[in-house]
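Heads up: the structure comes next, in structure tokens.
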Amino acid sequence: MSLTLDTSARRVEHAQMFIAGAWSAGASRATFPTVDPNTGETIAQVPRGDATDVDRAVAAARRVAVEWQFTDAIVRAGLLRALAAKVTEHADELARLEALDSGHYLAKAQELVGAIPLWLDYWASLADKVGGRQIEVPGNKLSFTILEPLGVTAHIVPWNYPLLILTRSVAPALALGNTCVVKPAEDTSLSALKFAELVAEAGFPGGVFNVVTGYGGEAGAALAAHPDVAGITFTGSTETGKQVAKLGADHVAQVNLELGGKSPTVVFPDADLDEAVEAAVQGFCSHTGQVCVAGTRLFVHRDVREPFLRKLSMRLDATRVGDGFAEGTQMGPLVSQRQYDRVREYIEIGKSEATLYYGGGRPEGVHAGGYFVEPTVFTDVVNTARIAQEEIFGPVASVIGWSDEDELVEKVNDSIYGLFAVLLGRDITRLLSTARRLQVGGVMINDWFGELPMTPHGGHKQSGTGREEGLEAVHGYTQVKHVAINLDPLRPATDWAGAPL
Ligand code: NDP
């Protein structure tokens, strides 16, 4: 039975896995609770999928893999467009589910869900346009490559942007002819299940798209380790990503890793400070700091430190933290008790390593059971401090001073991560030459991060391998076959230099 949402009661019923085009309570029929982070109260029971369910889902995806691969690309594209229309039709319900389950405030969840069709349309448009290439080889031969799907792809999704991150990898996988098994994060399974319902309504054949809910160490690990999974897209922490890569290596799966970050927001001395403050706040407070590209290292040029900090605290005073369903909320709760405890622990660590400049506590007037924290800023942070090096995944920023570009670049690059950077200033030569020296997968100049289907996203160093989005993502969901045709009568074989083989 399809999932039902009662917004006023904040309850969801009939959360079931989606395998081979049918709803399933799972082999064990065991469930686990998922909670509303605004209150800490249970909103639904979700099936606790295990290796048996993963086996069933992978087998279902495998059964239809060849048929889906050879379905005309134009037909696959049409189904993705039909799905985009379904998402638009059900946008309000999807946004409410996402807000209730993940803690995005409602207006943000609506914005995010409203953008989902962009990814589906982008990949629908590319389905019949990407392909192999012709290669000039010696002799009267025709040589070319074919891009083929991998087969069954696994999609292991985190809890911070559940539906967006699911869509950004499932859309190219389906468009390019793969069949999919999704494992959503245990804290945020609900939007994936609603999405599955829409996939079915859009007309996708059963088995092409499957969702197995459950715990990472059970369903997630079983999926990554499954020998019939040919490709794995994992988005999550660097630590878990390494485990998933090892599981995939045992059966030589192609693995895309979109991992953590500790991204810098750099304020140059000629920056417009109001704009710089806005970018900085977006950088570490968006989704309560639970963003892979969160700009939690604030590199502020020493010449503008004082005015920047004054403006920053005024801007934070005006940030409304509260229940995601309340009018005007700009920052909701953290996703779970576990994440709340983790962020609180880092705030305590920060107090012992640096100066607490702003926040550090619990906002006033919020639900006692909710996982709320204030935006928090530490100053006098040395670059080697734990709060400057470790991914906190909460609204906690470390202000670090710099005086010249050599010092800046050395400090920014002194990190195991290399996901993203924001540079704020006016001297474009200075900004661009700094951008070239940073060891990161993306740089935004005088702007804050905006995820788009057409621009490649991914990390250097321990922030990941491969790319999501843009044409670059094609490689993550395809493999190359080389085909050569000899157009002359067959002669004794020779190598390229004409010598006998
Ligand atoms: P986790 O690494 O804890 O979990 C990610 C996913 O992996 C979840 O579905 C989780 O399931 C599953 N998982 C956990 N253990 C295993 C395992 N042993 N085998 C297979 N799967 C497993 O990350 P979070 O959910 O905490 O997400 C936050 C992290 O994601 C941050 O580090 C953030 O930077 C990163 N991220 C990166 C992005 C990027 O594009 N680079 C984008 C967004 C987030 P379960 O939830 O049930 O444990």
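The values are calculated or read from the model by the stated rules, or taken from the named source; none is laboratory data. Since we're looking at a predicted model, the values are computed, not measured. Because the Cβ atoms are built from the backbone with ideal geometry, glycine has one as well, and the counts that use them run over all protein chains shown.
Going by the structure shown, is T235 among the β-branched types (V, I, T) and either over 22 Å from D447 (Cβ atoms) or surrounded by fewer than 24 Cβ atoms within 10 Å (Cβ to Cβ) (or both)?
yes
Taking the conditions exactly as written (in contact (Cβ under 8 Å) with a residue 60 or more places away in the chain, among the basic types (K, R) and in a helix (DSSP H, G or I)), does R305 satisfy them or not?
yes
Table: residues versus (1) touching a residue at least 24 places away in the same chain (Cβ under 8 Å); (2) small (G, A, S); (3) touching a Gly at 6+ places or on another chain (Cβ under 8 Å).
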site: S237; (1), (2), (3): yes, yes, yes
site: T240; (1), (2), (3): yes, no, yes
site: V244; (1), (2), (3): yes, no, yes
site: N256; (1), (2), (3): yes, no, yes
site: L259; (1), (2), (3): yes, no, yes
site: A271; (1), (2), (3): yes, yes, yes
site: V291; (1), (2), (3): yes, no, no
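Quick check on this structure: which one of T39, T153, T52 is surrounded by 15 or more Cβ atoms within 10 Å (Cβ to Cβ), farther than 23 Å from P453 by Cα and among the polar types (S, T, N, Q)?
Going through T39, T153, T52 in turn, the sole match is T39.
With the checklist (1) of a type in the set (A, V, I, L, M); (2) touching a Lys or Arg at 6+ places or on another chain (Cβ under 9 Å); (3) more than 7 Å from the ligand (Cβ to nearest atom) in hand, flag the one item V255 doesn't pass.
(2)
Out of V199, V229, V211, V181, I need the residue that is in contact (Cβ under 8 Å) with a residue 60 or more places away in the chain and in contact with a Pro (Cβ under 8 Å, 6 or more places away or on another chain). Which one?
V211
Restricting to the range 284-302, name every residue that is within 17 Å of I387 (Cβ to Cβ), assigned to a helix (DSSP H, G or I) and of a type in the set (S, T, N, Q).
Matches in the range 284-302: T288 only.
So T240 clears everything in (1) β-branched (V, I, T); (2) buried (at least 23 other Cβ atoms within 10 Å of the Cβ); (3) in a helix (DSSP H, G or I) except one condition, right? Which one?
(2)
Among the residues of the range 410-420, are any at pLDDT below 95, out of contact with any Ser or Thr (no Cβ under 9 Å at 6 or more places or on another chain) and either not β-branched (V, I, T) or not in a strand (DSSP E or B) (or both)?
no
Check G261, G214 and return the single one that is near the ligand (Cβ under 8 Å from one of its atoms) and within 25 Å of L298 (Cβ to Cβ).
So the residue among G261, G214 that is near the ligand (Cβ under 8 Å from one of its atoms) and within 25 Å of L298 (Cβ to Cβ) is G261.
Tell me whether the range 137-151 contains one or more residues that are farther than 22 Å from S24 by Cα and among the hydroxyl-bearing types (S, T, Y).
There is at least one residue in the range 137-151 that is farther than 22 Å from S24 by Cα and among the hydroxyl-bearing types (S, T, Y).
In the range 264-290, which residue that is crowded, with 23+ Cβ neighbours inside 10 Å and within 14 Å of the ligand (Cβ to nearest atom) is farthest from D406 (Cα to Cα)?
So, considering only residues that are crowded, with 23+ Cβ neighbours inside 10 Å and within 14 Å of the ligand (Cβ to nearest atom), the one farthest from D406 (Cα to Cα) is T288.
I'd like to check something: does the range 150-172 contain any residue that is more than 22 Å from T235 (Cα to Cα) and among the hydrophobic types (A, V, I, L, M, F, W, C)?
Taking every residue of the range 150-172 in turn, none turns out to be more than 22 Å from T235 (Cα to Cα) and among the hydrophobic types (A, V, I, L, M, F, W, C).
Within the range 19-31, is even one residue assigned to a strand (DSSP E or B) and surrounded by 22 or more Cβ atoms within 10 Å (Cβ to Cβ)?
Checking the range 19-31: at least one residue is assigned to a strand (DSSP E or B) and surrounded by 22 or more Cβ atoms within 10 Å (Cβ to Cβ).
Going through the range 173-192 one residue at a time, which ones are more than 14 Å from the ligand (Cβ to nearest atom) and either under 21 Å from E218 (Cβ atoms) or crowded, with 24+ Cβ neighbours inside 10 Å (or both)?
Answer for the range 173-192, where residues must be more than 14 Å from the ligand (Cβ to nearest atom) and either under 21 Å from E218 (Cβ atoms) or crowded, with 24+ Cβ neighbours inside 10 Å (or both): A173, L174, A175, L176, N178, T179, C180.
So which of G370, G365 is modelled with pLDDT of 95 or more and among the small types (G, A, S)?
G370
Examine the range 259-273 for a residue that is out of contact with any strand residue (DSSP E or B) (no Cβ under 6 Å at 6 or more places or on another chain), modelled with pLDDT of 95 or more and either assigned to a helix (DSSP H, G or I) or at positive phi (or both), and state whether such a residue exists.
Within the range 259-273, one or more residues are out of contact with any strand residue (DSSP E or B) (no Cβ under 6 Å at 6 or more places or on another chain), modelled with pLDDT of 95 or more and either assigned to a helix (DSSP H, G or I) or at positive phi (or both).
I'd like the residue in the range 63-97 that is in a helix (DSSP H, G or I) and of a type in the set (S, T, N, Q) and, out of all such residues, is farthest from S191 (Cα to Cα).
Q69
Kindly indicate whether Y357 is under 24 Å from the mean Cα position of the chain (by Cα) and touching a residue at least 24 places away in the same chain (Cβ under 8 Å).
no
Would a scan of the range 297-304 turn up a residue that is within 16 Å of the ligand (Cβ to nearest atom), in the same structural domain as V422 (by TED's automatic domain parsing) and at pLDDT 95 or above?
yes
Being within 16 Å of the ligand (Cβ to nearest atom) and either in a helix (DSSP H, G or I) or surrounded by fewer than 16 Cβ atoms within 10 Å (Cβ to Cβ) (or both) is true for just one of T455, T429, T434. Which residue is that?
Residue meeting the stated conditions: T455.
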